[in-house]
Amino acid sequence: MKEYLFNFKERLGYEEIFLEREKVNVPKSLNIRDNEINENINFGYKVILPGERLVEDKFAKYSSVIILFHGLNERSWDKYIPWAEYLSTHTQMPLLLFPISLHINRSPQLWSDPRAMQRLVNMEKEVKKEESEELLSDQNLTFVNYALSTRIKASPYRFYLGGRETVLNVCQLMEEIRAGHSPIFTKECLVNIFSYSIGSLLSQVLLMANPFDYFSESKLFMFCGGSLFSEMNGNSRMIMDRDSFELLNYYYHNDFINDYELSNSPKDSIYMAFLAHIDKELKQKERYAFYKKARNRIRAVSLKKDIVIPSSGIRNAMGPIWKKCLKELDFPFKYSHETPFPTIEKGRSVELDYWFEKVFSPAALFLKQQ
């Protein structure tokens, strides 16, 4: 396997996102405006190749690629490298690991510093302890989720804005590929997607909105993802705390729709596709029509004990065609949404490998088929 890092500088939608970000509040404890985070504008994305193909000391360009989108509140690609390597090997296609806005290498290093974040968690818990006798053990505020939790509480609009920015980033990437500016992909390169968790919501919006008709032929394989927003449960020590998730849920069922309609913010296909995935009743006719038309291009695998992205939420998103597109699995070992393939005790690696194959072998087969 060969791994390369390519530079990306945000251009498409930059001014729009910048102006929208001026509306969001800054958490006092983090003390940095989103527009001041340079690594979110200039960053690198990884490409894993199944093998190096050279013609006269130059890359022989690939005519297909799989983009991998990660989950919410991720600060590293570590979990995803084995997934990407498997898919690249078994499809013989490059895997492009694209970071979501203000995640992975697009976020300040401070947000990944356990000591710094734990110090802020302790300070916040002390303040809450003085203000209330309520037990804090069930709030799930940890050094892992502190940065996201605090930023969501300051302005839940960040959630949509980060997703919108990432969609525009991917459209810019597609624009560069179609213009022949990619050093590794042909202009006609077929782009498919493997997504996990919140990366699946991003992918659903991307395919339904289909900006510039870039994704008319793209296939999408979702793992532990694809639910309506209303049926997700982000209250997790690894994702965000209870208060943040409750605020986020309330905001997108109430204030977001009302405020956005009255604002001058863009109300294009990206917005409409996101709106269609908030709740079962919102834009249901349009959402069902999309999945019916795209039913041969979309597959999903859910996990029975996944409480963050439940199978029921995926079924309700897809509507009547879910039986063709969705398969639910239940691993015989202890797992969670955040850690579907845990490090388990010695002697059970064969079992883990078996279930890993049950997810990724069908994914590879589906994504490599023309």
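Annotations for the structure displayed:
- For segment 273-285, the tally of residues that are in a helix (DSSP H, G or I) and either crowded, with 16+ Cβ neighbours inside 10 Å or without any contact (Cβ under 8 Å) to a residue 24 or more places away in the chain (or both) stands at 4.
- Residues of segment 222-267 that are surrounded by 21 or more Cβ atoms within 10 Å (Cβ to Cβ), of a type in the set (A, V, I, L, M) and assigned to a loop (DSSP other than H, G, I, E, B): Leu228, Met232, Ile239.
- Identity of the residue in segment 21-33, closer than 19 Å to Thr166 by Cβ and in contact with a Ser or Thr (Cβ under 9 Å, 6 or more places away or on another chain), that ends up surrounded by the fewest Cβ atoms within 10 Å (Cβ to Cβ): Lys23
- Among the residues making up segment 1-30, those that are of a type in the set (Lys, Arg), touching a residue at least 12 places away in the same chain (Cβ under 8 Å) and part of a loop (DSSP other than H, G, I, E, B) are Arg11, Lys23.
- 3 or more residues of a type in the set (A, V, I, L, M, F, W, C): qualifying helices (runs of 4 or more DSSP H) within segment 305-370: 311-318, 349-368
- Scanning segment 77-109 for residues that are closer than 18 Å to Ser149 by Cα, within 13 Å of the chain's Cα centre (by Cα) and not in a helix (DSSP H, G or I) returns Ile100, Ser101, Leu102, His103.
Conditions (1) touching a residue at least 12 places away in the same chain (Cβ under 8 Å); (2) within 20 Å of Ser361 (Cα to Cα); (3) surrounded by 21 or more Cβ atoms within 10 Å (Cβ to Cβ), marked per residue:
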{"site": "Ile298", "(1), (2), (3)": "yes, yes, yes"}
{"site": "Leu303", "(1), (2), (3)": "yes, yes, yes"}
{"site": "Val308", "(1), (2), (3)": "yes, no, yes"}
{"site": "Ile314", "(1), (2), (3)": "yes, no, yes"}
{"site": "Met318", "(1), (2), (3)": "yes, no, yes"}
{"site": "Lys323", "(1), (2), (3)": "no, yes, no"}
{"site": "Lys327", "(1), (2), (3)": "yes, yes, no"}
{"site": "Pro332", "(1), (2), (3)": "yes, yes, no"}
{"site": "Ser336", "(1), (2), (3)": "yes, no, no"}
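- Any hit, segment 324-342, residues being of a type in the set (Val, Ile, Thr) and in contact with a Phe, Trp or Tyr (Cβ under 9 Å, 6 or more places away or on another chain): no
Where a number appears in this text, it was derived from the coordinates with a stated rule and is not lab data. Treat the numbers as computed from the prediction; the structure is a model and nothing was measured. Counting neighbours? That spans all protein chains shown, and the Cβs are built from the backbone with ideal geometry, glycine included.
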